[in-house]
Amino acid sequence: MQELLNNPAVQGGLAPFAAALAVAFALFSFRLAGLAVAAALGTAVYLIGGFAFPPVSAQQKILLISLAVPVLGVIVDLAFKPTRAAGPVLGLVFGLLVLWVGWNVLRQKEAAAAFAAGAGVVALVAWLTAACFALRDDPVRAGAAALTLGLGIGVSALLSASGSYAQYAASAGAGAGAFLLVQMLLGRTIQAGATFALSAGVACGLLAAGASLGSQLPWYAAAALALVPVATLLPLPRSGVWLQAIVASAYGGIVGAAACLLSWPVVQQRLGL
Amino acid sequence: MKKFALGAIALALPLAAAAAPESYTIDPNHTYAYFEVEHLGVSLQRGRFERTSGKFTLDHAAKSGSVELSVETASVSSGDNVKGNRPRTLDDHLKTADFFNVAEFPRMSFKSTGVKFAGDNPSEIAGQLTLLGVTKPFTLKVDRWVCKDNPMSKKPMCGGNASASLKRTEFGMKYGVPAIGDEVRLWVSIEGYRD
């Protein structure tokens, strides 16, 4: 059993998916199925052992924030009715938080390079947080965006050298996949809300930013990943949650796959990147 | 009486000078930190860091000393550094957040807190190792130590070899355990010239 749990694919994929599926099934009637992403990420953190308090590294800070954000999401869902400004404001807050996350890396760069890298990751996290938050009332699109975003970041991170970022991002994707699968099995949508959308957007944004800052995820691959939530806005079939989920995931998957290709050295050489 | 005091001081001065701690600067071309870790329970894989700097002091009379070493983690070298069409080399991977996280923690350092002597030579150096932003007590066992003049330049030098082991997970390097072993064996080859 322990050997199975030590397998990276189990740690970052299968076990988080199973935990997320259990949480989504148990809590969808309480409108809290969005906690699936947190359950998946928490499972990966437990199995990989990357959590530390107080956090020392950027990755540890990312995991701390990502595991705390669902609480904020639940509070937003239960106590607030978010206005149109909520997404951009939350995006800005978490975007600026990435400066704390990446401070150790940024302070060692030349001023111009630090500014460029800092501005880039702030924009990335702000955008992904706001873009995912905007999908909170559309559970199929939100689920598909988070699924393909998590898997896209995971594969891109793996190709650009970081196995641990790959595992954590894949686990977030697995959690979103479980959330989507519950809807497909029920044949109807379940609430995503801020609980799901904020958890997924912040976790994916921070993990992409961390892989970009601390490892070698190219900026153009990160930029492509930022388009995943937009891709899921393309038209979907009018009925059938199964079909909608598959089509929305295909939209996001195509963009996510493009980001993965951009992380592959052979493609980078061909494109002169 | 005054003459006697002056004479005593004059006699004591060279002794005092001889007993003073001698300061040495590390020769980066002959000072390297090596490591060894188990891979998939099969082989022991080795690597080293190409750039190390630092200083040490020795006081043979008082049998005391100190060591400060700083290792550039980005200089890690496993021998696998030609990428070709692969997404990454082993060196690339060792530099990421999975292992030495060089973008965030470009140095690991060792600062001694006490040096034990066996006879005229240091035998054990206790201190604090800082790796990945985590500082833990760490003891180097001195396996060999020689002080002499460089045969060519005639400059006074000291050097030797020391070894230790650590559990990488205690420093937050948890990726791949247990497939990639937790216990890391370390060796340091060190040479320094007197300042």
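Computed from the coordinates by the stated procedures, all read-outs in this text should not be read as laboratory data. Everything numeric in this text was worked out from a predicted model, so none of it was measured. Counting neighbours? That spans all protein chains shown, and the Cβs are built from the backbone with ideal geometry, glycine included.
General remarks:
- Going from the fewest other Cβ atoms within 10 Å to the most, the residues A:Thr232, A:Thr83, B:Thr130 appear in the order A:Thr83, B:Thr130, A:Thr232.
- Residue order for B:Val82, A:Val155, fewest other beta carbons within 10 angstrom first, comes to B:Val82, A:Val155.
- Among residues other than B:Lys55 with Cβ under 9 Å from its Cβ, the summed charge is -2 (Lys and Arg +1, Asp and Glu -1).
- Loop-located trypsin sites (Lys or Arg not before Pro) in the range B:27-116, at most 14 other Cβ atoms within 10 Å (DSSP): B:Lys83
- Angle in degrees between helix B:2-19 and the longest Cα principal axis of chain B, rounded to the nearest 10: 20
- Sequence of A:Val74, A:Val93, A:Val140 once ranked by neighbouring C-beta atoms within 10 Å, starting from the fewest: A:Val93, A:Val74, A:Val140
- Whole-number Å³ per residue for the convex hull built on Cα positions in the range B:21-194: 123
- B:Ser165 long-range amide H proximity, modeled H, under 5 Å: B:Leu186
- Projected-area average for the protein assembly as shown over all orientations - Cα convex hull basis, square nanometres: 30.3
- Axial C-alpha extent at least 24 Å, average Kyte-Doolittle at least -1.0 - helices from chain A (DSSP): A:58-79, A:111-134, A:139-159, A:163-186, A:193-214, A:241-262
- Of every Cα-Cα pair in the range B:74-138, the percent that sits beyond 18 Å: 54
- Restricting the calculation to Cα atoms, the range A:11-51 shows an Rg/Rh of 1.02 when the hydrodynamic-style radius is the Kirkwood one.
- With N the number of residues in chain A, Rg(Cα) / (2.2 N^0.38 Å) evaluates to 0.93.
- In this structure, the amide hydrogen of A:Leu234, modeled 1.01 Å from its nitrogen in the peptide plane, lies closer than 5 angstrom to no residue at least 5 positions away or on a different chain.
- Over chain A, DSSP H runs of length four or greater, each weighted -39,500 (n - 2.57), average out per residue to a 222 nm ellipticity of -24000 deg cm²/dmol.
- Förster radius 30 Å - calculated FRET efficiency between A:Asn6 and B:Arg86, Cβ distance, rounded to 0.05: 0.75
- Residues whose amide H comes within less than 5 Å of that of A:Leu135, counting only those at least five positions distant or on another chain, are absent (H built at 1.01 Å from N in the peptide plane).
- Long-range tail of P(r) for the range A:76-126 (Cα pairs > 14 Å, %): 56
- Between A:Phe53 and B:Lys155, the C-beta separation translates, for a Förster distance of 51 Å, into a calculated FRET efficiency of about 0.55.
- Along chain A, longest interval not containing exposed trypsin sites (Lys or Arg not before Pro), exposed being DSSP loop plus at most 12 other Cβ atoms within 10 Å: A:1-83
- The string of couplings for the range B:140-154 from the Karplus curve (6.51, -1.76, 1.60, θ = phi - 60°) is 9, 8, 7, 8, 7, 8, 9, 10, 6, 8, 4, x, 8, 7, 6 Hz, one whole number per residue in order, with x for Gly and Pro.
- Furthest towards positive pole of dipole, B:Gly172, B:Phe99, B:Phe56, structure part the range B:21-194, Cβ charges: B:Phe56
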